[in-house]
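The values are calculated or read from the model by the stated rules, or taken from the named source; none is laboratory data. All of these numbers come straight from a predicted model, not from anything done at the bench. Here the Cβ is made from the backbone with ideal geometry for all residues, glycine too, and neighbour counts use every protein chain on show.
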Amino acid sequence: MLPVDLPDAVREALQAPLVDHHCHGVRRDELSRAQFELLITEGSTPAPPGTTHFDTPVGAAIRRWCAPVLDLEPHAPPAVYLARRAELGAGEVNRRLLEAAGIVAFLVDTGLESPELLSAAEMGRHGGAAADEIVRLEQIEQDVSETAHIAVDYMDSLAEELAARAARAVGLKSIVAYRCGLDFDPARPSRGSVIAAANRRLSDPKQRLTDPILLRHLLWTAVDVARERGLPLQFHTGYGDPDLDLDRADPALMTGFIRSLQPIGVPVILLHCYPYHRQAAYLAAVFPHVYVDVGLALTYTAAGSARVMAELLELVPFHKQMFSSDCYGVAETCHLGALYFRHGLARTLRARLDDGEWNPTDCARIAHMIGSGNARRVYRL
């Protein structure tokens with residue numbers, strides 16, 4: 001159900017299946033209340049004593065919009081909602097909520113793989129959709145660092161493993177924002193500096209990679225692979241969990257790197273972006289190879305998400321925006337991501353129609369582009 005009245009062609013475009021171009025697996029196991037609550041926040045700690053993570057925009061949204069999918073009345077109390085979830089079981093809950101999202105293809109970041117999470121193929125089966133893999137660069141580097149013996153082996157193995165994994169994927173992704181920030185030196189590091197840094201890395205390979213030289217080497221190795229295979233390169237930007245220094249996750253900090261990739265032609269996709277979505281819109285407007293979404297921002301701002309969508313659309317070219325849910329852990333985040341994407345875009349399109357700025361044909365075409373067409377083109381689906 002869309003929140004505003006729209007011409008039939010626009011309504012149909014908004015209700016058409018979406019390509020979720022960035023998501024993660026959801027849990028296959030039964031969850032306690034404490035486990036569930038930690039999966040509906042980007043924080044990493046329980047709510048303060050006497051409070052609950054249901055008392056958040058996303059918590060209220062779950063009670064409003066996910067409860068009916070589980071045969072409950074809207075605004076069901078948290079205890080009633082979780083009891084119904086347990087009664088149905090994780091498999092049925094996942095199937096209902098993923099199907100309700102109306103996704104035609106899931107592009108799954110497999111960097112958080114664990115036995116408790118559905119695989120990319122399982123996400124597709126549960127949601128009645130196609131599924132493909134997005135390869136997380138830092139996971140590949142971790143695997144290589146734990147098996148390489150000398151720096152030259154590290155460098156060769158990294159390039160080989162990235163190429164092998166890319167052959168089975170539709171895109172690559174970096175979380176360099178978490179590891180050293182987006183204000184990194186955009187230049188490709190010298191071979192000598194990489195060898196020296198790799199030797200330091202191999203002395204303690206189980207540590208999380210934070211060395212700026214090796215992160216830059218990883219990015220440029222990925223650029224080479226992406227150029228050869230025609231793949232886009234995703235970057236987490238903006239809002240995320242507490243590991244992030246938010247002020248260093250502004251995508252505008254990547255301008256030098258983005259500029260250096262323009263002649264190479266590798267598409268750069270800025271994920272989530274909030275609260276820097278206006279900066280991201282600017283980058284997409286001025287660089288031909290840059291694309292954006294507002295991803296998890298829609299789920300976590302929930303009832304306020306229409307403003308975020310409208311602000312992004314102040315400047316972003318319509319052929320440069322995509323949809324992602326960034327769902328993780330619980331299928332509620334997929335359903336809400338899709339719902340608030342459709343609701344936010346519907347309100348924005350209604351405003352443009354009322355102002356006479358766009359006609360119904362324009363609105364339907366824009367909804368198709370953002371919902372699925374742009375992702376199909378960029379990821380070559």
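Tabulated data for the structure shown
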item	result
Helices (runs of 4 or more DSSP H) (entirely within region 274-350) containing at least 2 residues that are under 24 Å from Gly128 (Cβ atoms)	295-301
Residue satisfying all of: in region 146-179; of a type in the set (Val, Ile, Thr) and under 25 Å from Ala120 (Cα atoms); surrounded by the most Cβ atoms within 10 Å (Cβ to Cβ) among these	Val176
Residues that are of a type in the set (Phe, Trp, Tyr) and in a helix (DSSP H, G or I), drawn from region 214-254	Trp220
Selected residue (only one of Val290, Val308, Val294 is without any contact (Cβ under 8 Å) to a residue 24 or more places away in the chain, closer than 18 Å to His21 by Cβ and outside the structural domain of Ile40 (by TED's automatic domain parsing))	Val294
Those helices (runs of 4 or more DSSP H) lying entirely in region 116-170 with at least 2 residues under 24 Å from Arg376 (Cβ atoms)	120-127, 151-166
Counted residues, region 79-115 - those being under 20 Å from Asp143 (Cα atoms) and part of a loop (DSSP other than H, G, I, E, B)	3
Hits in region 358-377 - residues which are buried (at least 22 other Cβ atoms within 10 Å of the Cβ) and in contact with a strand residue (DSSP E or B) (Cβ under 8 Å, 6 or more places away or on another chain)	Ile370, Gly371, Ser372, Asn374, Ala375
Qualifying positions in region 39-70 - part of a loop (DSSP other than H, G, I, E, B) and closer than 20 Å to Gly337 by Cα	Leu39, Ile40, Thr41, Glu42, Gly43, His53, Phe54, Asp55, Thr56
Options Leu18, Leu39, Leu70, Leu31: the member that is more than 19 Å from Ala90 (Cα to Cα) and of a type in the set (A, V, I, L, M)	Leu18
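Results for (1) closer than 17 Å to Val330 by Cβ; (2) out of contact with any Leu (no Cβ under 6 Å at 6 or more places or on another chain); (3) not hydroxyl-bearing (Ser, Thr, Tyr), shown as yes or no for each residue.
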residue	(1), (2), (3)
Ala100	yes, yes, yes
Asp109	yes, yes, yes
Ser119	yes, yes, no
Gly127	yes, no, yes
Ile140	no, no, yes
Thr147	no, yes, no
